[in-house]
1. Among the residues of the stretch 203-222, which ones are touching a residue at least 24 places away in the same chain (Cβ under 8 Å), hydroxyl-bearing (S, T, Y) and surrounded by fewer than 16 Cβ atoms within 10 Å (Cβ to Cβ)?
2. Being touching a Leu at 6+ places or on another chain (Cβ under 9 Å) and touching a residue at least 12 places away in the same chain (Cβ under 8 Å) narrows it down to one residue among L72, L65; which is it?
3. Could you pull out the residue among T104, T136, T159 that is out of contact with any helix residue (DSSP H, G or I) (no Cβ under 6 Å at 6 or more places or on another chain), hydroxyl-bearing (S, T, Y) and under 22 Å from P229 (Cα atoms)?
4. For the subset of the stretch 166-189 comprising residues that are at negative phi and of a type in the set (S, T, N, Q), which member is surrounded by the fewest Cβ atoms within 10 Å (Cβ to Cβ)?
5. Might you check whether a residue that is under 22 Å from the mean Cα position of the chain (by Cα), surrounded by 13 or more Cβ atoms within 10 Å (Cβ to Cβ) and farther than 20 Å from N66 by Cα occurs anywhere in the stretch 190-202?
6. Looking at Y137 and the list (1) surrounded by 18 or more Cβ atoms within 10 Å (Cβ to Cβ); (2) hydroxyl-bearing (S, T, Y); (3) free of Cβ contacts under 8 Å to residues at least 60 places away in the same chain, which single condition is not satisfied?
7. In the stretch 67-92, which residues are surrounded by 14 or more Cβ atoms within 10 Å (Cβ to Cβ) and more than 22 Å from N147 (Cβ to Cβ)?
8. Quick one: in the stretch 5-49, which of the residues that are part of a loop (DSSP other than H, G, I, E, B) and within 30 Å of G169 (Cβ to Cβ) is modelled with the lowest pLDDT?
Amino acid sequence: MVEGGVNFIKRMKYYNIKLFLSHFKCPKVYMKSIVLFGKGPSVSKCTKEMIEKHDDVAIVNYPVLNDFFVNLISGKKIKYHFANCGTFDEKYTDKINDMLNLETIINTNFYKSNNYILYLKNKYLFKYSIREKYETYFKNNFDLDPNSGILALQFLIDTSEYDNILLVGFDNYKIGEQTYYYSIETINKKLKYLIEKNIITKEGNFNIVSGHSPEKTEVYLSSLKNKYPNIKIERT
């Protein structure tokens, strides 16, 4: 009888401890989704419904704010603008950034190459310069000079905030095809040298491979599924 009573007490202690610990379960980490906008022609395939399915939106290098693009992102805050702050687009004023509900600007050029910060009154938007951090990684692993969109993608992966990343306008510079989703006449005037050097034709088609090798970029993009199996990365 005594032995049975002891066993009963042990069982009750175990039950109470189990019940007690059940109140202290680790909270489930909520992973988010994000749309990362490049400027390739596939932006035109994107729909408002696709954007609404994602928590956050980020943009790369001053996309042209035509009616189509503004409608896509309307009602959303821009979490990040990954911007080459050396060749900034003067159309992206303080007023435009306010309209976009922009939270953070991340410089994809080198730290000292930031003319954009001198142009804006709101200096608090600038948080990081990331080329220094990632250039060696891409050089050693892919022999790649990464463009701003690729730097942005790796940054988002490394935040560990997102398990779903949709790449829009990441068309990887196909020779002979349209470079941007918008008319070449509306290009950032600081990039008109690309037309003068025939890297982009006067019609807006990509013509000459620059340092941002499409083949090596594709190798990097293809490696992501195995390296980050828990992150869904898709392209439109």
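The values are calculated or read from the model by the stated rules, or taken from the named source; none is laboratory data. Note that this is a predicted model, so its numbers are computed, not measured. Cβ: placed from backbone, ideal geometry, glycine included. Neighbour counts: every protein chain shown.
1. S210
2. Answer to the check: L65.
3. T159
4. Within the stretch 166-189, the match that is surrounded by the fewest Cβ atoms within 10 Å (Cβ to Cβ) is S183.
5. Filtering the stretch 190-202 for residues under 22 Å from the mean Cα position of the chain (by Cα) gives 191.
Still in the running and surrounded by 13 or more Cβ atoms within 10 Å (Cβ to Cβ): 191.
From what is left, the residues that are farther than 20 Å from N66 by Cα are none.
No, because not a single residue in the stretch 190-202 is under 22 Å from the mean Cα position of the chain (by Cα), surrounded by 13 or more Cβ atoms within 10 Å (Cβ to Cβ) and farther than 20 Å from N66 by Cα.
6. So Y137 meets the others, but not (1).
7. K76, the sole residue that qualifies.
8. Taking the stretch 5-49 as the starting set, the residues that turn out to be part of a loop (DSSP other than H, G, I, E, B) are 23-31, 38-40, 46-47.
Those left that are additionally within 30 Å of G169 (Cβ to Cβ): 29-31, 38-40, 46-47.
Values: V29: 63, Y30: 75, M31: 92, G38: 97, K39: 97, G40: 95, C46: 96, T47: 97.
This residue is V29.
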